[in-house]
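What follows is one structure encoded as structure tokens, with my remarks underneath.
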Amino acid sequence: HAPVMATECIDAMLGIGLLGDKQKKTRGKNKKKQRRMRKRERKLAIDQKGGDNDEDVSSSDTLSEEVDSATMPADRPPMLFVDGTLGGGGHSEALLERCRPGDIVFGCDVDPSALSAASERLQRYTRSGDKNDEDENDGNLPLFVPVQSNFRDLADILPTVKHPMTGKRIMALPTSTDDDDEDGQEDVHFTGVDGMLLDLGVSSHQIDNADRGFAFMKDGPLDMRMWGGSWSDVGSDRVGQNAATNARGLNAADICNEFDEAELTRIMRVYGDEPRARKIASAIVDARPLATTSDLVNAVASVVPEFARKGRRMGRMATLARVFQSLRIVVNQEDEALVDVFEHAAPNLVRPGCRLVVLSYHSMEDRATKRVLRDGSVRGSRPGAAIERDIYGNVVGQDRPWKPLGKKRKASDEEVEVNSRARSATLRIGERQQSGL
């Protein structure tokens, strides 16, 4: 599957296009500029068709290149970016195609199988130091560095990652000092990152693998864990082990088989906004033991009709999506991970003036993103509390680490037609402020 809203995300990370008041003031100028670019592109395409037809010209790629060159100076220093949710590597690949030699992209994922697959996909951007490797990046391309880590721990992990060629640490935190750093700041290539992307939720790489247990339309073990070793040996005989003896942590089968009805009800209401939470929880308890995704689907189907008069939201497919979502959030502690990445990792990694780009897919994620960009905290300010400013427009009171850029954005109808997973995506962008460091 194609990465969701890739162009919008990469533009935001590269600092292209201000999504606030400045964009409104220059909207007319931008439209004229884009028309000129499209005209030049059409002329270029006609010239190519009249000559050599072996290669097709992509107007969107050429337009992006012209926008990049017009917005970013040719002599800009190298930049460092973080894809905190690597998944299949789609966003990282789109970013690397827009980067320049000397730029570095960290691709981070807690899932070792996703990290391996994405690293193979982006192999031409990697460097191992092996001069005999013909497919290796020779320095004329930006560098991709894979990192196995949950995004909640990136502020602790990334400063320890070393450059594959120089052996020096790639980055230091903007808030670190020589007194805190045994090696000294002179031994790092970057101080802070120039952009951070978080594509929240479960990746296509995980959904498409039935053995992971994320998809209710595929029969597989009721697992839903995003971390661990090799997943090839996970079967129904191992799923459902007691969490106390399972070294790889709690899984979805443990929740369904061991949690009481009241707790199951709470989980589905809080993390899935499920209106039938109590009925479904009772059905799960009656259907125990559950070992596979089909077992859970059948339990839900026993109390939820395939179609409902009140609309699609009450139908079986939508209900299953909410039930699986709520279990996945609890298994992977996604609510706690969001607090850690939003309130600790991202503010400590992103340099002032640079961007945090977040794609969310359900109300809990989007609500947390909105609050942290507005108030600096996932819990947010008290309901109805306005941001106080002095007569000069400066924020009064607690410093806020982020400035929201524009309003939330949704995928275009054209993208949703070719990529159905973009339908529920919400894009929010924040700029790191000097305050709150």
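Those residues that are assigned to a helix (DSSP H, G or I), in contact with a Pro (Cβ under 9 Å, 6 or more places away or on another chain) and among the aliphatic types (A, V, I, L, M), I need them from the range 342-378; list them, please.
Matches in the range 342-378: ALA346, LEU349, VAL372, LEU373.
Determine, yes or no, whether VAL339 is surrounded by fewer than 23 Cβ atoms within 10 Å (Cβ to Cβ), within 28 Å of ASP254 (Cβ to Cβ) and touching a residue at least 24 places away in the same chain (Cβ under 8 Å).
So VAL339 passes the test.
For the range 260-279, give me each residue that is touching a residue at least 40 places away in the same chain (Cβ under 8 Å) and in a helix (DSSP H, G or I).
Of everything in the range 260-279, those that are touching a residue at least 40 places away in the same chain (Cβ under 8 Å) and in a helix (DSSP H, G or I) turn out to be ILE267, MET268, VAL270, TYR271, GLY272.
Report every pair of residues separated by at least 6 positions or lying on different chains whose Cβ atoms are under 7 Å apart, first residue within the range 169-181 and more than 21 Å from PHE81 (Cα to Cα), second modelled with pLDDT of 50 or more and not small (Gly, Ala, Ser).
If the second residue must be modelled with pLDDT of 50 or more and not small (Gly, Ala, Ser), the pairs left are ASP178/GLN185.
Restricting the search to the range 189-225, which residues are crowded, with 17+ Cβ neighbours inside 10 Å, of a type in the set (A, V, I, L, M) and modelled with pLDDT of 85 or more?
Once the filter is applied, which keeps residues that are crowded, with 17+ Cβ neighbours inside 10 Å, of a type in the set (A, V, I, L, M) and modelled with pLDDT of 85 or more, the range 189-225 yields VAL193, MET196, LEU197, LEU198, LEU200, ALA215, LEU222, MET224.
Filter the range 280-299 for residues that are open to solvent by less than 50 Å² (accessible area, probe 1.4 Å) and assigned to a helix (DSSP H, G or I) and give the result.
ILE280, ALA281, SER282, ALA283, ILE284, VAL285, THR293, SER294, LEU296, VAL297, ALA299
With the condition kept exactly as written, say whether any residue in the range 300-311 is part of a helix (DSSP H, G or I), touching a residue at least 12 places away in the same chain (Cβ under 8 Å) and either β-branched (Val, Ile, Thr) or closer than 20 Å to LEU250 by Cα (or both).
Scanning the range 300-311 turns up at least one residue that is part of a helix (DSSP H, G or I), touching a residue at least 12 places away in the same chain (Cβ under 8 Å) and either β-branched (Val, Ile, Thr) or closer than 20 Å to LEU250 by Cα (or both).
Just to check your reading of the model, which residue among VAL270, VAL300, VAL323, VAL304 is of a type in the set (A, V, I, L, M) and touching a Lys or Arg at 6+ places or on another chain (Cβ under 6 Å)?
Checking each option against the conditions leaves just VAL304.
Of all residues in the range 150-188 being over 24 Å from GLY89 (Cα atoms) and in a strand (DSSP E or B), which is modelled with the highest pLDDT?
Among residues in the range 150-188 that are over 24 Å from GLY89 (Cα atoms) and in a strand (DSSP E or B), the one modelled with the highest pLDDT is ALA172.
Just checking, which of ALA74, ALA114 is modelled with pLDDT under 90, among the hydrophobic types (A, V, I, L, M, F, W, C) and more than 30 Å from ALA210 (Cα to Cα)?
After applying the criteria, what remains is ALA74.
The values are calculated or read from the model by the stated rules, or taken from the named source; none is laboratory data. All values derive from a computational prediction rather than experimental measurement. As a convention, Cβ positions derive from the backbone with ideal geometry for all residues, glycine included, and neighbour counts pool all protein chains shown. Accessible surface areas use protein heavy atoms only, side chains included; no ligands, DNA or RNA. Shrake-Rupley method; radii C 1.70, N 1.55, O 1.52, S 1.80 Å.
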